[in-house]
Amino acid sequence: MRTIRDEFELPDDDGDDYVGSLLRKRKPNYGTWLVGVALLAILIAGAYGFVRVNSEMGNDSFCVGCHTKPEKTYVDRSRSAMAGALAADLASYHYQQIHGQGGTVHCIDCHQGNGNLGNHIEVLLLSARNGFSWLAGSNDPKIEKLNLQIPHLANDPCVECHQKTLLLAGLNNHYHNMLPAAYELWLNGGRLIAPQGTQDVQAVIAAGLVKYDTNLVCTDCHQAHRNTENDLYLDRDTVLATCVQCHQLTGKGPMTVTYPVGH
């Protein structure tokens, strides 16, 4: 009897095991699934937190929910000013004036830079860092903080609202129009304003502004939460020191300055 050999015949010794392995179901890898679900949950929670915090930042009560001191003092000052009390600081004065004109203002309006995505991320990272400092008990509880951690976040809103002040030309306003912010504003299309009584307005406008290499910002003189109820809430010693600092950085102007500045 002739036998035809099957070239694909499985070996006799382990054939049953091989067929059995094909018939058995593969066990699911629950560890990988759990990691994937956890990452997805973190991503969703992060996105929700980003959207929620951004939407709530316009609510001062939300801010003081975490920033208890000194921020609660600032909010209390602004509320008192809007109720008719004397504004204790420059920020409260802004609240009082804007509210009196029928407008609204919130803490974040002066702490979010230009409000673009990059600034939003900076604000959130700064808030997280301050939150961790508060939890660790290492936050700065002083009411009047004089140094900003990210100066441009507070300076950019000043520039946006006070363009006319920065673009008023002339020596009598040099402490404004010689700031780097004023130069950038003019370079980006801001129109210079000639002082009252100028006989040759076109000559002033044509002269433009000069770029000075300094790092000074509006809040170096105008400290929003400092309780100084005089001269537009300016502290004289701070202003004079800033003037001298600018003169030193630019190599122009006197090294001693008297008050009032510009006269």
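Modelled spin labels at Ile205 and Glu184, positioned 7 Å past Cα toward Cβ, are 2.5 nm from each other.
Placing a label point 7 Å from the Cα of His152 along the Cα-to-Cβ direction, the residues of region 94-129 with a backbone N closer than 11 Å are 113-114, 118-119. Proximity of backbone amide H atoms, modeled 1.01 Å from N, is registered between Leu168 and Ile193 at under 5 Å, excluding neighbours fewer than 5 places apart on the same chain.
For Asp213 and Ile121, what does the FRET efficiency come to when R0 = 41 Å and r is the distance between their Cβ atoms, rounded to the nearest 0.05? That gives a FRET efficiency of 0.90. One chain, two ends: Lys142 and Gln245. Fully extended at 0.36 nm per residue, the span grows by 34.6 nm beyond their Cα-Cα distance.
Backbone phi angles across region 125-132, fed through the Karplus curve with coefficients 6.51, -1.76 and 1.60 (θ = phi - 60°), yield HN-Hα couplings of 5, 5, 4, 5, 5, 5, x, 5 Hz in residue order; Gly and Pro are listed as x.
Readers should treat all values here as calculations from the given coordinates under stated rules, not as data from a laboratory. Note that this is a predicted model, so its numbers are computed, not measured. Note that each Cβ is placed from the backbone with ideal geometry, even for glycine, and that neighbours are counted across all protein chains shown.
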